[in-house]
1. In nm², what is the average projected area of the convex hull enclosing the Cα atoms of the range 112-228?
2. Any chance you could run the full-extension gain for LYS30 through ASN53? It's 0.36 nm times the residue separation minus the Cα-Cα distance, nm to one decimal.
3. Which residues in the range 27-55 place their backbone N less than 19 Å from a point set 7 Å from the Cα of TYR77 along the Cα-to-Cβ direction?
4. If Lys and Arg each add +1 and Asp and Glu each add -1, what is the summed charge of the other residues whose beta carbon sits under 15 Å from the beta carbon of LEU26?
5. Whole number please: convex hull volume per residue of the Cα set in the chain, in Å³?
6. Quick one: angle between helix 2-20 and the longest Cα principal axis of the chain, in degrees between 0 and 90, rounded to 10, please.
7. Scan around ILE208 for amide H atoms under 5 Å from its own, H built in the peptide plane at 1.01 Å from N, and keep only partners 5 or more places away or cross-chain.
8. Taking the alpha-carbon centroid of each part, what is the distance from the range 171-191 to the range 110-150 in angstrom?
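Read the figures in this text as sums done on the coordinates, not as results from a lab. Bear in mind that the values here come from a model prediction, so they are computed numbers and not experimental data. Reconstructed Cβ throughout: ideal geometry from the backbone, glycine too, with neighbour counts over all protein chains shown.
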Amino acid sequence: MIKKLFLLAILFLTQLSFSSAFAHVLHYQKLNKLEFDLFRNDQLIGQHIYVFNRSGRNLTVHGKINFEIKILDITLYKYSAESQEKYVNGKFESFSATTNQNEKKKFSKIYKKENKFFIEGSSYKGEAPKDFIIGSWWNYSITKYGVQISTGSGRIIKQNVSFVGKETIEIDNKKYSALKYNFSSKDQSLSKDKKLNIDVWYDEKTLIWLKTSYKKKGNWEYRLRSFE
């Protein structure tokens, strides 16, 4: 009897821990669309858009990103991706994405089978960690977890998340009271192109994603353009 109660307690805590990863999805019940401008070295190079579709208990988040780097009207780098996240009653259900990175095809898919999640991606195939979250910056819950799954390739990324502090930031002449976080890789032996070192800002009241900044062959920034 004691053994059964112990096992039930472990199961409950596991489910509670995983469910809380996506608890903030319910916080965005009135959010319908997010639009971001993407800058490299302060030059506008593309956009990233999320559309939130609801049907009863179901939420589907459609993501689309396009950008290209040009010099003298010559395209040096081109990137596009489309993704789809599904939630039921605020809990994660599945994810899929396709990416075209300079003509190199990548993919990522996460699905549930027998109460376990599995990943099929261009970088990893196998069972997902017990505690994970999709690497979508729009979801504030990403600040609460130590593992994210790459939306582009399905790679498992173990992360450190640090709360930097509160800041007032300005985007398109509008001021926001923001919460700033830094995301870094736990594994410091990773190559430079695989290492995570990103600053992300969320609105203090609404928890809407406002801005992301990182360095990778230039200074990159996502800046909120509009939301509905």
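1. For the range 112-228, the mean projected area of the Cα convex hull comes to 8.8 nm².
2. Gain in length upon complete extension: 7.2 nm.
3. Correct set: 37-49.
4. +4
5. Working: hull volume 34.3 nm³, N = 228.
Hull volume over Cα atoms, normalised by residue count, gives 150 Å³.
6. Rounded to the nearest ten degrees, it is 20.
7. Close amide H contacts, sequence-distant or interchain: ASP203.
8. 20
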